[in-house]
Amino acid sequence: MDERRVHILNDAPYAGGPVVYWMSRDQRVRDNWALLYARDLAAVHRAPLVVLFCLATAFVGAREEHYAFMLAGLREVEEDLRSRGIPFFVECGDPIRTAPTFAKRLKAGMVVTDFDPLRIKRRWRESLAAGVCIPVHEVDAHNIVPCRAASAKLEYGAYTLRKKLERLLPGFLVPVPALKKFDSPAAFDLVDWARVYRAAGITGGGVSRLRIKSGPRSALRAMRRFLEKGLGDYSWARNDPSIDGQSGLSPYLHFGQLSAQRLALEVSRSPLRGRDDFLEQLVVRRELSDNYCLYNPHYDSFEGIPAWARKTLDKHRADIREYVYARDDLEFARTHDPLWNAAQAGLLKLGTMHGYLRMYWAKKILEWSASPEEAYETAVVLNDRYELDGRDPNGYAGIAWSIGGAHDRPWAERPVFGMVRYMSFNGCKSKFNIRRYIESIENA
Ligand code: FAD
Ligand code: FO1
């Protein structure tokens, strides 16, 4: 494995003892560089290998159905690990406490974690690295070109990062080796899932509204379906919310049930014409989001947007708003705009929203909120509360682009938006059949 995937969090010496892979962002056994790295270390040191997942309640506003989706996938991970002779543990409580406690209880010799630029995850990792005197290594198993290797700084836009990625991709876009069976120690316990579901606050009653089946096997099936049926039309279909032209793979990518590397490899082998557009989104746009969150401490707030955008939004702060809505009017889709209401109603009903409308959705929140700061917070809160793929760098970068002009350029100046790119109802009307879209949400 390319060493540029590894980031050493503390340089304590390995002095024997089990190797723990603390799984968090990349919740899968196949195509998981962090797991492969931990397995190789355990084999070299002839030490046991175990996998740990720390269940944190109230993760960034996640709701019951998000936990239900994630835990269903983790049950499959447990099966996949068991079939390879690798024990799986789920610890419940604040990972700041449960991760070091677990490592000490197991007398672990080293911990491998996976990469995640989110603030909460960095805190978890850094507190572990400071709390134990064993090596803690982080492996970027989420990005094809590791985020830290792609760039050492905050990138202005897709065009600046794309050049760096194009140079590095040939070396990184390679098949991920299969995980060899691991001769396991004595038999080990199964996870007590009833306890885990209780800790996550899943009553079981809330039958999930989600229309998507969780787990790495379902993720691979959905990928194959998209490669066969969706990729060919992707270039023109992806921006039409009235048809189902996107891949629908973001929840699998968000929870790490599907490897972006495997998806990118399969897509890059395809002769279909949607290939390049899809790779632009999957590789450039997605890695740009991780770059935004890794190198911008205010990635989820108005404070983090580019200076030009803050200045122009400031200048138009006192402009008359034709409509101003309180957060719960927005949350419950009570505005004058039938298209925006349908998008929000769909989000409440289905836990997802078409990518094209997410831009419109966020930009209208800017237009109809009392201030840009309030708009920013509303978009982050609602996106993280309702999107199944929410609580993700893609969301924070998507909102920063829509409301704060991040990774975009100044446009013609206008009220409220200043020079932040505007989107209008009529603009949508010229792009797709709004009536058909609204009906698709009503009938969903
Ligand atoms: P496809 O078009 O099939 O794309 C395939 C994959 O490429 C996606 O799953 C995603 O991983 C990546 N991708 C596509 N578009 C983007 C993009 N603009 N930026 C970064 N990566 C992209 N994406 C999330 O995963 N979670 C979010 O919470 C989220 N919130 C967003 C909020 C706003 C305001 C905006 C403008 C965009 C947001 N996005 C978010 C990005 C994008 O809209 C979704 O990734 C996409 O719609 C998911 O559907 P899909 O997998 O069918 O996309
Ligand atoms: N990661 C964890 O390690 N432990 C959790 O309990 C956890 C809960 C969770 C709930 C909803 C959600 O969308 C993500 C969640 N994650 C959790 C993080 C997730 O695995 C991703 O790493 C980040 O959200 C994206 O970077």
What is the residue count in segment 353-381 for residues that are out of contact with any Leu (no Cβ under 6 Å at 6 or more places or on another chain) and closer than 22 Å to L249 by Cβ?
9
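Looking at segment 250-260 only, could you name the residues that are assigned to a loop (DSSP other than H, G, I, E, B) and either within 8 Å of ligand 1 (Cβ to nearest atom) or of a type in the set (F, W, Y) (or both)?
Going residue by residue through segment 250-260, those that are assigned to a loop (DSSP other than H, G, I, E, B) are 255-259.
Result: F255, single match.
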Checking V416 against (1) surrounded by 16 or more Cβ atoms within 10 Å (Cβ to Cβ); (2) in contact (Cβ under 8 Å) with a residue 60 or more places away in the chain; (3) in a helix (DSSP H, G or I): exactly one of these is not met. Which one?
(3)
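Taking the stated definitions as given, is V381 surrounded by fewer than 18 Cβ atoms within 10 Å (Cβ to Cβ), within 16 Å of ligand 2 (Cβ to nearest atom), among the β-branched types (V, I, T) and on the phi < 0 side of the Ramachandran plot? First the steps, then the outcome.
Working: surrounded by fewer than 18 Cβ atoms within 10 Å (Cβ to Cβ): yes; within 16 Å of ligand 2 (Cβ to nearest atom): yes; among the β-branched types (V, I, T): yes; on the phi < 0 side of the Ramachandran plot: yes.
Yes; evaluated as a whole, the condition is true for this residue.
Being in contact with a helix residue (DSSP H, G or I) (Cβ under 6 Å, 6 or more places away or on another chain) and either at pLDDT below 95 or not hydrophobic (A, V, I, L, M, F, W, C) (or both) is the filter; apply it to segment 77-98 and report the residue that is surrounded by the fewest Cβ atoms within 10 Å (Cβ to Cβ).
Kept after step one, since they are in contact with a helix residue (DSSP H, G or I) (Cβ under 6 Å, 6 or more places away or on another chain), are these residues of segment 77-98: 88, 90-92, 95-96.
Checking the rest, the ones that are also either at pLDDT below 95 or not hydrophobic (A, V, I, L, M, F, W, C) (or both) come to 91, 95.
Details: E91: 20, P95: 26.
Going through the qualifying residues, I end up with E91.
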Hey, E373 hits all of (1) more than 10 Å from ligand 1 (Cβ to nearest atom); (2) assigned to a loop (DSSP other than H, G, I, E, B) but one; which does it fall short on?
(2)
Give the residue that is farthest from ligand 1 (Cβ to nearest atom), with candidates limited to residues of segment 193-249 that are among the basic types (K, R) and part of a helix (DSSP H, G or I).
R195
Filter segment 93-137 for residues that are touching a residue at least 60 places away in the same chain (Cβ under 8 Å) and of a type in the set (D, E); which is nearest to ligand 1 (Cβ to nearest atom)?
D116
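To keep it simple, each residue is scored yes or no on (1) at pLDDT below 95; (2) more than 27 Å from L71 (Cα to Cα).
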site	(1), (2)
M1	yes, yes
R4	no, yes
Y21	no, no
D26	no, no
R39	no, no
V51	no, no
When only residues in segment 36-60 that are part of a loop (DSSP other than H, G, I, E, B) and over 27 Å from the mean Cα position of the chain (by Cα) count, which is surrounded by the fewest Cβ atoms within 10 Å (Cβ to Cβ)?
R46
Criterion violated by F89 - all others in (1) farther than 17 Å from A38 by Cβ; (2) in the same structural domain as A38 (by TED's automatic domain parsing); (3) not in a loop (DSSP other than H, G, I, E, B) satisfied:
(1)
Leading residue by the ranking (farthest from ligand 2 (Cβ to nearest atom)) among those in segment 222-262 that are under 12 Å from D389 (Cβ atoms) and in contact with a Lys or Arg (Cβ under 6 Å, 6 or more places away or on another chain)
Q246
Top-ranked residue of segment 392-405 - restricted to ones that are closer than 24 Å to I212 by Cα and more than 7 Å from ligand 1 (Cβ to nearest atom), ranked as surrounded by the fewest Cβ atoms within 10 Å (Cβ to Cβ):
P393
Please state which one of W411, W401, W361, W340 is of a type outside the set (G, A, S) and part of a loop (DSSP other than H, G, I, E, B).
W411
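Which is buried (at least 16 other Cβ atoms within 10 Å of the Cβ) and within 29 Å of G256 (Cβ to Cβ), of Y325, Y356?
Unique residue meeting the criteria: Y356.
The values are calculated or read from the model by the stated rules, or taken from the named source; none is laboratory data. All values reported here derive from a predicted model rather than from experimental measurement. Positions of Cβ are generated from backbone atoms using ideal geometry, with glycine treated the same way; all protein chains shown enter the neighbour counts.
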